[in-house]
Structures are given as structure tokens and as C-alpha cells.
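Each remark here refers to the structure printed beneath this line.
The values are calculated or read from the model by the stated rules, or taken from the named source; none is laboratory data. Keep in mind that this is a model prediction, so the values were computed, not measured. Every residue, glycine among them, receives a Cβ derived from its backbone with ideal geometry; neighbour counts consider all protein chains shown.
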Amino acid sequence: MLKNFTARSQVIVATSIAHFANDASISLPPAVLPILKEEFNLNYAAAGAVITSFVLLMMAFQAVTGYMADRRNRMTLLCLGLATLGAGTILISFSINYLQLLAFTCLAGIGGSFFHPIGYSLLSDTFESESRGRALGLGSASGDIAIPVAFASSGVLVLFFNWRMIFMFWGLVSIFVAAMLPLIIRESKKKESHFNAVGNSNSTAKTLWTLIPVIIVMGLIAGCFRIASTFTTTYLKTFGLGIASANFIFALMMCVGAVGAIVGGTLIEKLGEKRTVTAEMVMLGVLSLISIYTSNIYFLCFIIVIIGFFLLGVWPSFYSVIAKATSLGTRAFMYGLLFAVAWSFASFWPYLSGVCADIFGIQITYILIGVLSLLGALIAYFTFTSERLMNRDVRV
């Protein structure tokens, strides 16, 4: 019993530390976007293109890293990904023109593609279905906490140091964590039956077909997140807030979102994934649309902070659906594939919303968030079927 508890604790600790380091580094480009926009003399579209390229590569490669994780040692791959992410983040600090900035963020994006399929498959394999929702919520929260830490620290540190030092610091943190992880946990050698499960292409195709509604809704909420993380601080600056204050508000938004992830993970064990997703996305849509009619900066900041609860609280439901719908041998690949499709779709929204902001003004960003989230709530309500999606918790 104690040995089993210790093994579980090691998985929670290792994945939480890795998730924190990963998401802190990948949050830096949007956190410092207003400064990068001024430093390289970019318009909204060009600034959005940096984030789009970064996210597109990061998400597209997740299917590849997930496929590799089902066949290779996951901890080794996780360390490799964090080291690559750290190297790319450090190189960003040496950028002297727009093309270099674009190239180094793309390298960081490739490194950032490793964690999510690997980390969530490790958590899903370790915990039974009864306690999986809570474990996934805690694992998700560790990455959610990293986002406000990155935004808040960058907003404060930029007042005392050059923005390049911020990228240098977090890049070194990622490399340090990559070196430290093998001291916390070592993954045992995969059993032969685990490899055999990967080769069942008919089962994988059937699972993917049943998860199409989940992919669509994930893509919509991922688009909402990318728009919010890219332009919220810039949006708040138009109300007269400095970058430190704007980043602090966004940090609070993500802190509340981390609480939302834990609550969301607990709710799915009581309400189910369908009801949790629908309710949270409706609330996200309504609050986003209310925010554009708010002229009082204090009330606007309050609404944006509360939006974070629903923006991040919905994600454990998706992780739980994927875990229940997949077998042990294909789980990392399915996580990676679904993340790749959903987040690749989402990666275009920073650019598209940037183009819209150039034409209609920065407020259009939260109109888009409201529309996308309400559309996702409708799709979830009418297509998430418990019998079809939730009863395939297969163990090899």
C-alpha cells in the first residue's frame, strides 16, 4: 500500500514540476508580446503571427511525440522536450530581428510539444477511473499556475531587467528541470502487450471517430485560450494600465483558472463530462460578451479574472474523456493526436484575431472568445453522449 502510494506521489510530483516548467516557458511570448511588438516594430497581425507559428509547431508535433511515447521511455522523451524548449527560449533572448525571433520561437514550440501527451498519459495510466478526474485536475493546475507566474514575473522583472533576461532565466529553469526529473522518477520498461496494443489500427480509428465531437469542442476552447493569452494584456493596456499591472491582472485570471481546473476535475466525478463542459463554456461565453460592454476598468478586470475560472476549469473534462475512451497502449498517441488537431486549429486564432483587431479594434478579441465558447457549449450539449464516449476505459 505504501509502496503504491509512493509510486503515485512520484508521478504527481514529476509531472507537476515538468508541467510548471513547460507552461512557464511557453507562456513567455504572449506575456512579453507588447514589448516584442514595440521592440521589433510589429503590427497586431505580425505579432499574432509569432504566436501562431509558435503554437502551430508546438501542437502539430504532439501527435509525433505521443506516438513515440507509446514506444519509448516517456521520461527520457520528456527530459528531451524540456531541454529543447529551454534551448529555444534562451535563443529567443539573442534575437536581433523579426526572422530570428520567429525561428527561435518555433524551436521552443517543438520542445514544448513533448509534455502534454506524455504527462497526461502518465497520470491517466497511474490513477484508476474513480480518482482520475481529481488527479488530472491537479496535474492540469500545476501548468495553469505556471502561466500567472510567467506573466506576473515578466511584468515585474521587465521593470528592472531587459526582456531578454526573462527568456534567459526561464530557459535555464526548463533545462534544470530536465536534468532533475530522472532523480525523481524512472519509468519501468514497457511490457510487450503495451506495444501490441499500439498496433491495433482498427481500434485506434474507431476511438478517434467517437472522439470527433471532443476534438471540435477542444479546438474551440483552445482558440479562446490562445486569444485570451495573446491579447488580454494588450487589451488592458488600452485602458491605461501599464504592462506590469496588465500582466498582474492576467496572472490573477490564470490563478483563478488553476482553482477552476481543480474544481472542474472534481465536478466531472459528480456531474459527468458533458454537463461540466456545457455549463462552463456557457459561463465563459456570457462573461466574455459582458466584458465588451464594460467601461469601468475595475469591473472589467474583475470579469476577466473570473473568466479564468471557466477558461481553464473545463480542461480536465477533456482529459478524462480521452483517458476513458482509450486503451493503455494508445493513450499517449491519442492524447498527442487530439491535442495536435485541437491546438493546431487554435494556433490560427492569434493571427486571425490580430487581423480583426487591426480592423475593428482590440475589443473584437473578447467578442470572438464569447462566440467560440458558446458555439462549443452547443456542440458539447448535443454531441457528447455518455454511452458512446465514456465507457471504454480499457486496460491492457
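For this structure, a couple of remarks:
- Test for A45: is it at pLDDT 80 or above and not aromatic (F, W, Y): no
- Qualifying residue in region 276-288 (condition: under 23 Å from W349 (Cα atoms) and not in a helix (DSSP H, G or I)): no
- Those helices (runs of 4 or more DSSP H) lying entirely in region 89-165 with at least 2 residues among the basic types (K, R): 129-157
- You will find that of Y319, Y335, Y298, the residue that is more than 17 Å from the chain's Cα centre (by Cα) and either over 21 Å from Y44 (Cβ atoms) or assigned to a helix (DSSP H, G or I) (or both) is Y298 and no other.
- Selected residue (only one of A63, A49, A21 is at negative phi, buried (at least 24 other Cβ atoms within 10 Å of the Cβ) and either touching a residue at least 24 places away in the same chain (Cβ under 8 Å) or not in a helix (DSSP H, G or I) (or both)): A21
- Residue within region 243-255 that is out of contact with any helix residue (DSSP H, G or I) (no Cβ under 7 Å at 6 or more places or on another chain), in a helix (DSSP H, G or I) and more than 26 Å from I216 (Cα to Cα) present: yes
- A residue that is aliphatic (A, V, I, L, M), part of a helix (DSSP H, G or I), crowded, with 24+ Cβ neighbours inside 10 Å and modelled with pLDDT of 85 or more cannot be found anywhere in region 342-351.
- The numbered conditions (1) touching a Phe, Trp or Tyr at 6+ places or on another chain (Cβ under 7 Å); (2) more than 25 Å from L56 (Cα to Cα) are all true for D358 except (2).
- Test for A279: is it closer than 21 Å to L375 by Cβ and either modelled with pLDDT under 85 or buried (at least 24 other Cβ atoms within 10 Å of the Cβ) (or both): no
- The lone exception for R71 - which of (1) surrounded by fewer than 21 Cβ atoms within 10 Å (Cβ to Cβ); (2) part of a helix (DSSP H, G or I); (3) touching a residue at least 60 places away in the same chain (Cβ under 8 Å); (4) more than 18 Å from the chain's Cα centre (by Cα) it fails: (2)
Here's the yes/no breakdown for (1) on the phi > 0 side of the Ramachandran plot; (2) out of contact with any His (no Cβ under 6 Å at 6 or more places or on another chain); (3) modelled with pLDDT of 70 or more; (4) surrounded by fewer than 18 Cβ atoms within 10 Å (Cβ to Cβ):
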site	(1), (2), (3), (4)
I96	no, yes, yes, yes
F104	no, yes, yes, no
F114	no, yes, yes, no
S124	no, yes, yes, no
A146	no, yes, yes, no
L172	no, yes, yes, yes
F176	no, yes, yes, yes
A197	no, yes, no, no
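- Taking region 302-328 as the range and being out of contact with any Lys or Arg (no Cβ under 9 Å at 6 or more places or on another chain) and surrounded by fewer than 24 Cβ atoms within 10 Å (Cβ to Cβ) as the test, the residues that pass are F302, I303, V305, I306, F309.
- Residue check, L82 touching a Lys or Arg at 6+ places or on another chain (Cβ under 8 Å), in a helix (DSSP H, G or I) and farther than 20 Å from S347 by Cβ: no
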